[in-house]
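The values are calculated or read from the model by the stated rules, or taken from the named source; none is laboratory data. Here the structure is a predicted model, which means the values were calculated and not measured. Because the Cβ atoms are built from the backbone with ideal geometry, glycine has one as well, and the counts that use them run over all protein chains shown.
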């Protein structure tokens, strides 16, 4: 009887061992599918953000011939927020989406890196958000709102000041 029990126990053990191996193989296949889906999702998010940036650039270029002049904000009208900075030479104000970055740089003591700015103004700080912000910063450099005194360091451009500094 003991031999029969041992034999049954060994058979059962082997069957469960085979099932564990099958489940591990299924899990490995699922992990590969998850990794592929995550890669695809990452590419789609980056593509969408790139398109958002390009769309914003196109929208800004359409309005480039009719610059918005800085106006005195009405302190009693909360829907009329003051821009954080203005171009003192032209009176132009930046795109509203760039205001948080420009406002933070206006109060900074010196040039900042994209990661530092991302930590200060973005809700999420990961590699993708930092790189998206870096692209925005480079665009603001091209448009004359920011300077890049050293590679990867950003500060307000000459002639860009907060309205009270103007």
Filter the stretch 141-156 for residues that are touching a helix residue (DSSP H, G or I) at 6+ places or on another chain (Cβ under 8 Å) and at pLDDT 90 or above; the one that is surrounded by the fewest Cβ atoms within 10 Å (Cβ to Cβ) is 152
Look through 45, 16, 53 and report the one residue that is in a helix (DSSP H, G or I), under 18 Å from residue 133 (Cα atoms) and at pLDDT 75 or above. 53
Any residue in the stretch 110-125 that is more than 28 Å from residue 44 (Cβ to Cβ), touching a strand residue (DSSP E or B) at 6+ places or on another chain (Cβ under 9 Å) and either assigned to a strand (DSSP E or B) or at pLDDT below 90 (or both)? yes
Residue count, the stretch 56-101, condition modelled with pLDDT of 75 or more, part of a loop (DSSP other than H, G, I, E, B) and either touching a strand residue (DSSP E or B) at 6+ places or on another chain (Cβ under 8 Å) or under 17 Å from residue 139 (Cα atoms) (or both), comes to 6
